[in-house]
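As structure tokens, the structure follows; a few thoughts come after it.
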Amino acid sequence: MSAFSSVVEDYWRAAFAGGRAHRRGPSLTVSVDESLDPRFRATLLETDAGACAALTPELAAALALPPDAAIDSAGLRRALAQAGAPLWGADCVFYFAAERQDELARETPAAHVRRLGADDAAAFARFEAEASEHDLDGAAVALDHDAAFGAFADGRLVCAASMYRWDDSALMDLGVLTLSAQRGRGHARAVVRALAGHALRHGCEPQYRCQLDNAASIALAAAAGWSLYARWDCVPAPPRD
């Protein structure tokens with residue numbers, strides 16, 4: 001039985017179910033998908049149980065793969081790079097294990113954490129002004145997302161997280177940002193758990209992503225109780241003129 005909810009499993013199964021089998025190996029299944037999301041030329045999902053990839057027909061035809069040899073994720077990465085279509089850079093994708101979700105949905109947020117709304121626009125603007133552009137771009141936190149929560153210290157907003165619907169699914173993708181001077185105090189953990197509990201109470205599945213080399217974000221995921229589901233990567237489609 002999967003450690004994750006059926007919402008998670010069904011979403012990712014459907015994401016790779018639209019193509020026809022192109023190559024199968026012991027650890028990787030590659031399909032060609034004419035209906036692949038137009039934002040991508042290829043996608044790759046790697047879990048502990050194995051990996052699957054989907055390619056556009058044009059990209060599949062451009063890969064120089066030996067006709068009968070098995071292929072693994074590393075081999076696919078090399079072939080894509082040689083074809084001038086390197087993978088973008090993998091994200092760790094985290095969810096709460098199914099056994100933890102009921103407890104999280106019932107959890108009361110910390111006293112200094114609450115949902116943010118339109119009345120918090122001025123506080124949020126001050127929060128953004130104190131953060132660096134790099135941190136703002138990486139976190140992608142916004143007051144007008146589907147929901148946002150924040151942590152306050154001495155009357156100031158010092159940490160904020162927000163979530164938005166992922167690909168019109170029941171998954172809600174989260175971003176979080178703590179002001180640099182306030183890090184290491186548990187604010188992000190408290191805010192992320194409050195926002196995730198809100199998502200679960202409203203019938204949605206919270207999702208957390210970060211780059212493989214973002215050690216601080218991976219540590220936050222562990223501290224907040226997330227479990228690693230997979231590593232997800234893609235070859236973006238070229239920009240349109």
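Of all residues in the stretch 171-218, exactly one satisfies the criterion of being of a type in the set (A, V, I, L, M), open to solvent by 20 Å² or more (accessible area, probe 1.4 Å) and within 19 Å of Val7 (Cα to Cα), namely Leu200.
Quick check, is Leu65 over 30 Å from Ala147 (Cβ atoms) and not in a helix (DSSP H, G or I)?
Numbers: over 30 Å from Ala147 (Cβ atoms): yes; not in a helix (DSSP H, G or I): yes.
Yes; evaluated as a whole, the condition is true for this residue.
Figure legend. Inter-residue proximity from the stretch 16-30: first residues within 13 Å of Gly50 (Cβ to Cβ) and in contact (Cβ under 8 Å) with a residue 24 or more places away in the chain, second residues surrounded by 18 or more Cβ atoms within 10 Å (Cβ to Cβ) and of a type in the set (Ser, Thr, Tyr), beta-carbon distance below 6 Å, spacing 6+ or different chains. Indicated pairs: Leu28/Ser73.
For the stretch 94-116, which positions are among the small types (Gly, Ala, Ser), surrounded by 11 or more Cβ atoms within 10 Å (Cβ to Cβ) and either over 23 Å from the mean Cα position of the chain (by Cα) or in a helix (DSSP H, G or I) (or both)? It would help to see each step written out before you state the result.
Looking only at the stretch 94-116, we keep the residues that are among the small types (Gly, Ala, Ser), and these are 97-98, 105, 110-111.
In the following step, the residues that additionally are surrounded by 11 or more Cβ atoms within 10 Å (Cβ to Cβ) were identified as 97-98, 105, 110.
Correct list: Ala98, Ala105, Ala110.
Gly89 fulfils the conditions (1) under 16 Å from Trp232 (Cβ atoms); (2) surrounded by 14 or more Cβ atoms within 10 Å (Cβ to Cβ); (3) of a type outside the set (A, V, I, L, M, F, W, C) except for a single criterion, (2). Pairing residues of the stretch 212-241 that are closer than 19 Å to Thr47 by Cβ with residues that are of a type in the set (Gly, Ala, Ser) and surrounded by fewer than 18 Cβ atoms within 10 Å (Cβ to Cβ), at Cβ distances under 7 Å and at least 6 apart in sequence or on separate chains, gives Ser227/Ala3; Ser227/Ala97; Asp233/Gly89.
The rows are residues; the columns are (1) assigned to a loop (DSSP other than H, G, I, E, B); (2) open to solvent by 40 Å² or more (accessible area, probe 1.4 Å); (3) in contact with a strand residue (DSSP E or B) (Cβ under 8 Å, 6 or more places away or on another chain).
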residue	(1), (2), (3)
Trp12	no, no, yes
His22	no, yes, yes
Pro38	yes, yes, no
Thr43	no, no, yes
Ala54	no, no, yes
Ala69	yes, yes, no
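Checked against (1) touching a Lys or Arg at 6+ places or on another chain (Cβ under 9 Å); (2) surrounded by 12 or more Cβ atoms within 10 Å (Cβ to Cβ); (3) more than 30 Å from Ser227 (Cβ to Cβ); (4) of a type in the set (D, E, K, R), Glu58 passes all but condition (2).
The values are calculated or read from the model by the stated rules, or taken from the named source; none is laboratory data. Note that the coordinates shown come from a computational prediction; the quantities given were computed from them, not determined experimentally. Cβ: placed from backbone, ideal geometry, glycine included. Neighbour counts: every protein chain shown. These area figures cover heavy atoms from the full protein model, side chains too; ligands, DNA and RNA do not enter into them. Shrake-Rupley method; radii C 1.70, N 1.55, O 1.52, S 1.80 Å.
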